[in-house]
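Each reported figure results from applying straightforward, stated rules to the coordinates on display, with no laboratory input. This structure is a prediction, so every number in the text was calculated from the model and none was measured. Methodologically, a virtual Cβ is constructed for each residue, glycine included, from the backbone with ideal geometry; neighbour enumeration extends over all protein chains shown.
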């Protein structure tokens, strides 16, 4: 059973690398690297490292210490690159709305930091599981940031381009899946490792397909020049609106 | 326990993702094609005098004393239906205004976190109390004066907003942007 699963993992690994290479070619040929430079870098880094790790596993086996360290180092680099790509996507979605963006990035960063701190403090510390947990916590923070951006957009009635939505869903689903997977792995470590690899690759394949769909066409150039309101309008109107809302609530309260 | 916490957090994130990606429902005002700034958030509140007349206490007393039991029952049912329909209209006005307030935030170069949180808190409070009032009316406990108070506050806000929009000058492009953004589909990126 384990041997069969190992073969399946290897086949899936090759499939992932192939799809990632196709996606990379797609990004270059459609010139979408201009719109998503950090994503392109993430894709390149991830694919290169995947090939390298795959070859190492093939020659040294899954259980050798070198393979283990290489595998985890790759994860660190890949998560770092993905965090950059997610930041780029958030900027894509909100940066043109300067006021909202200035508010959003602070809140999102603070939420991610709180989530990370909570995750580290709340769980019992074990050296053997430190990497699994660190990865899970980072993925949770990444997923929270993406969901946070979409919630912001929903709240303010901002509509995202289909490509940006697909990119976001791709990142988020993969991160959520990794959180679930690592949480389960933490509890059932020994009997789950091979299945964990398999499911993780399957989730990544899903994300790759979503990103490929998002970037199948050349994206139009986005202009960041947006006509904004004069500076005093917001500060003049918003306290007024809030004051009215307050009195509205007061009059509703009096009814009870 | 942490096992469950992380799974629950992930589930919550996925639910939020689905909710945030859903297309917002188009409001009745959007379907009718509301224009700015003349009808900005005051379509229903402007009917308050007629509603007050229709729901006058004197009429209620008159029908209850002179009319048959069946007529009184029908009269009461109709009044309740009218009040609820009017309340739904008020909420629509209110939501349009709130939508406008959000668009002002989106198009502003600077946004204050405190004001935005305050707006969010007050909106949640309003929704909760509004639903409560609706329930009370439905059960026959609320009085007409309560509805009038509510309408006056919404209409006051609406008048101030209209004035403010006019204060923005004759920015036709802005007005059309605000108008198109109020159609329930949101602000478009390109």
Between helix A:162-187 and chain A: long-axis angle, C-alpha atoms, 0 to 90°, nearest 10: 60
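Any chance you could run the full-extension gain for residue A:227 through residue A:21? It's 0.36 nm times the residue separation minus the Cα-Cα distance, nm to one decimal. List each step's numbers first, then the result.
Working: separation 206, 0.36 × 206 = 74.16 nm, distance 3.95 nm.
Between residue A:227 and residue A:21, full extension yields 70.2 nm more.
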Here the whole-number average of other chain Cβ atoms within 10 Å per Cβ of A:111-119 is 1
Within 10 Å of each Cβ of B:124-133, how many other protein chain Cβ atoms are there on average? 3
Grab the DSSP H runs of chain A that are 4 residues or longer, score each as -39,500 (n - 2.57), total them, divide by all residues and round the 222 nm result to the nearest 500 deg cm²/dmol. -29000 deg cm²/dmol
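Determine the shape class of segment A:2-219: with a ≥ b ≥ c the square roots of the Cα gyration tensor eigenvalues, call it rounded for a/c under 1.5, and otherwise prolate if a/b is greater than b/c, oblate otherwise. Each step should come with its number before you reach the end.
Numbers: a/c = 2.24, a/b = 1.31, b/c = 1.71.
Note, shape of segment A:2-219 comes out oblate.
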By average Cβ neighbour count within 10 Å, what is the ranking of A:73-82, B:68-77, A:138-147 from highest down? A:138-147, A:73-82, B:68-77
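Count, for each residue of A:155-165, the Cβ atoms from other chains sitting within 10 Å of its Cβ, then give me the mean as a whole number. It would help to have the intermediate numbers written out before the result.
Values: counts 6, 10, 12, 8, 9, 5, 3, 0, 0, 1, 2.
Average per residue, whole number: 5.
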Residue A:118-residue B:120 pseudo-label distance in nm [points 7 Å out on the Cα-to-Cβ vector]: 1.4
Nearest 0.05, what FRET efficiency do residue A:11 and residue A:76 give at R0 = 25 Å with Cβ-Cβ as r? 0.45
Degrees separating the helix A:65-94 axis from the principal Cα axis of chain A, which is the longest one: 20
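Over segment A:2-219, what is the relative contact order in percent, taking alpha-carbon pairs closer than 8 angstrom and at least six residues apart?
30
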How high is the FRET efficiency between residue A:68 and residue A:34 when r is their beta carbon distance and R₀ equals 30 Å, given to the nearest 0.05? 0.20
I'd like the orientation of helix A:2-29 relative to chain A: the angle between its Cα long axis and the longest Cα principal axis, in ° from 0 to 90, rounded to 10. 50
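Starting from 0.36 nm per residue, how many nanometres of slack lie between residue A:236 and residue A:51 once their C-alpha separation is accounted for? Present the calculation step by step, with values, prior to reporting the outcome.
Values: separation 185, 0.36 × 185 = 66.60 nm, distance 5.75 nm.
Result: 60.9 nm gained on full extension.
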